[in-house]
1. Of all the residues that make up the range 39-53, how many are part of a loop (DSSP other than H, G, I, E, B) and surrounded by fewer than 18 Cβ atoms within 10 Å (Cβ to Cβ)?
2. May I ask you to verify whether His27 is buried (at least 16 other Cβ atoms within 10 Å of the Cβ) and modelled with pLDDT of 90 or more?
3. Pick out the one residue from Val69, Val10, Val109, Val14 that is surrounded by 14 or more Cβ atoms within 10 Å (Cβ to Cβ), at pLDDT below 85, aliphatic (A, V, I, L, M) and within 13 Å of the chain's Cα centre (by Cα).
4. Name the residues in the range 54-70 that are part of a helix (DSSP H, G or I) and of a type in the set (Gly, Ala, Ser), would you?
5. Out of (1) at pLDDT 60 or above; (2) over 20 Å from Ala22 (Cβ atoms); (3) in contact with a strand residue (DSSP E or B) (Cβ under 9 Å, 6 or more places away or on another chain), what's the single condition that is false for Leu99?
6. Would you point out the residue of the range 72-90, among those that are of a type in the set (D, E, K, R) and touching a residue at least 40 places away in the same chain (Cβ under 8 Å), that is surrounded by the most Cβ atoms within 10 Å (Cβ to Cβ)?
7. Restricting the search to the range 16-64, which residues are touching a Ser or Thr at 6+ places or on another chain (Cβ under 9 Å) and among the acidic types (Asp, Glu)?
8. Given the residues Gly36, Gly23, which is the only one that is without any contact (Cβ under 8 Å) to a residue 24 or more places away in the chain, closer than 24 Å to Arg75 by Cβ and not acidic (Asp, Glu)?
Amino acid sequence: MRPGIVFDQVVGAVLAHYRTQAGLSQHQAVEGISIGVSSLSRLEKGDYSLTMEQLFELSQRYNVSMMQVAASIERTYANARKHGVHIEREKKSKSGLLLLGAAAIAAFVIASQ
């Protein structure tokens, strides 16, 4: 099996990074916006795809632009690929990938900043 991640995991790890940088808990991050705590938790694990409106709301809450978030996602994606990590578009039960955990993905996010 080759190491791999799902694209939503990249997005989730980047958003978790920005939330942490903003000094917010998951509860604080979703207060007053259109996404709940359980959805944010699933998002940060790569188990939920967000809408553009939710991305806009979260980026505003984290005091970063959507362009910064998108650029960070692109850099993290490129960094993972550079290290031989295969990235799937969606989770598949028979992908032949050994899915990496959140800590490994977070390392790619931090390294790409």
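1. Number satisfying all stated conditions: 4.
2. no
3. Val109
4. Answer for the range 54-70, where residues must be part of a helix (DSSP H, G or I) and of a type in the set (Gly, Ala, Ser): Ser59, Ala70.
5. Leu99 satisfies every listed condition except (1).
6. As a first pass, look at the range 72-90 and keep what is of a type in the set (D, E, K, R): 74-75, 81-82, 88-90.
Now drop any that are not touching a residue at least 40 places away in the same chain (Cβ under 8 Å), which leaves 88-90.
Numbers: Glu88: 16, Arg89: 8, Glu90: 9.
Applying the filter and picking the extreme gives Glu88.
7. Asp47, Glu53, Glu57, listed by residue number.
8. Gly23
The values are calculated or read from the model by the stated rules, or taken from the named source; none is laboratory data. No experiment lies behind these values; they were computed from the predicted model shown. Methodologically, a virtual Cβ is constructed for each residue, glycine included, from the backbone with ideal geometry; neighbour enumeration extends over all protein chains shown.
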